[in-house]
1. Per-residue HN-Hα couplings for region A:60-69, Karplus 6.51 cos²θ - 1.76 cosθ + 1.60 at θ = phi - 60°, whole Hz, x for Gly and Pro?
2. Using a cut-off of 21 Å between alpha-carbon atoms, which lysines can reach A:Lys158, once sequence neighbours fewer than 8 places away in the same chain are excluded?
3. What are the ³J(HN,Hα) couplings of region A:21-32, residue after residue, when phi is run through the Karplus curve with 6.51, -1.76, 1.60 and θ = phi - 60°? Round to Hz, x for glycine and proline.
4. Going by amide H atoms built from the backbone, whose H comes under 5 Å of the H on A:Tyr74, apart from near neighbours?
5. Return the long-range amide H neighbours of A:Asn83 (sequence gap of 5 or more, or a different chain), with a cut-off of under 5 Å between placed amide H atoms.
6. So which residue, out of A:Ala54, A:Ala114, A:Ala102, gets the largest mean-square fluctuation from a GNM of chain A using Cα contacts under 10 Å as springs?
7. Can you give the Rg to Rh ratio of region A:118-196, both from alpha-carbon atoms, with Rh computed by the Kirkwood formula?
8. Choose one answer from A:Ala73, A:Ala95, A:Ala167: the residue with the largest mean-square fluctuation in a GNM of chain A with alpha-carbon springs under 10 Å.
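Quick note: the coordinates plus some simple rules give every number you see, no bench work behind them. In this text, all values refer to a predicted model and were calculated from it rather than measured experimentally.
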Amino acid sequence: MKPLPASFYEHKDVVRIARDLLGKTLVTLTDGKLTSGLIVETEAYSYRERGCHAYNNKMTERNKVMFEQGGVAYVYLCYGVHNLFNIVTNKAGQADAVLVRALQPLKGEETMLARMKTNSLKRITSGPGKLTKALGIDRKLNGASLLKSDLWIENGVKINKNEIVTAFRIGIDYAGEDSKLPWRFYLKDNVWVSKE
DNA sequence: TAGAGGATTGAT
DNA sequence: TCAATCCTCTAC
C-alpha cells in the first residue's frame, strides 16, 4: 500500500475530505513499531467558522501548520492532557483541517495495548485523545508530512454512502451557531466509534 | 507576565 | 459530576 497522493489533501472542500477519510487507514511507525487503524470517525474544521482554531485566518504559534499546504499533520495538546491529531487540507493559506476522532485497530495491536497499559482491545482507539496515544502520535509530529514521514494514510475499505452517519461536532459549544454545522461523520453501527 | 480556559478522558 | 494538567492565547 502507498500513501494517499497530495492531491487528496489539497481539495478545497474539507467536509468532503472528512467524509472520504472514513474507511481509510492511518499508519504510524513510532519507535520502530508499526501500528495502524481504520478511520471510522472524523470532524471537519474550516477557517471560515468559529469552531476552528484558525477562525478568521487567525494564525498563532500553535496553529500555524494549518496554513501550510494540505497533507501535513496538526497535533496539539488539549486540556493539558491529550494530543489531538488533525489532517491539514486545502491549499497553502487556506487553513482547513480534519480531526480524526476514532479508529478500528488493524496492525500492531500488541503495541497499542502496551502503550495504553490495558489488555482490552475494545475502546483503546475510540476517542481523539486515545488514538494518538495508541499510535504513538505526539506533538513532535506536528507539521510532519503525510507523504514522506513515519505517519501516513493509505486506502482501506470502500464505504457505501448509506453507511455514513452525519452529526454535530463534539465539544465546541463556544462556537455558537457554528457548533450546529453537521460536520461530524462516522460509520453506522461501528463499535469503534467514540461514545458521546 | 499573570490568568483563564480548552476539538478529552476516566474515575467517583 | 469532576479533577487531571499544561500549553496557548489574551489582556494588562
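1. 10, 4, 6, 9, 4, 5, 5, 8, 7, 4
2. Candidates past the 8-residue exclusion: A:Lys2, A:Lys24, A:Lys107, A:Lys188.
3. Residue by residue, region A:21-32 yields 6, 4, x, 7, 10, 9, 10, 10, 10, 10, 6, x Hz.
4. A:Asn86, A:Ile87, A:Val88, A:Gly143
5. A:Cys78
6. A:Ala114
7. Values: Rg = 15.2 Å, Rh = 15.3 Å.
Here the Rg-to-Rh quotient is 1.00.
8. Residue with maximal mean-square fluctuation among A:Ala73, A:Ala95, A:Ala167: A:Ala167.
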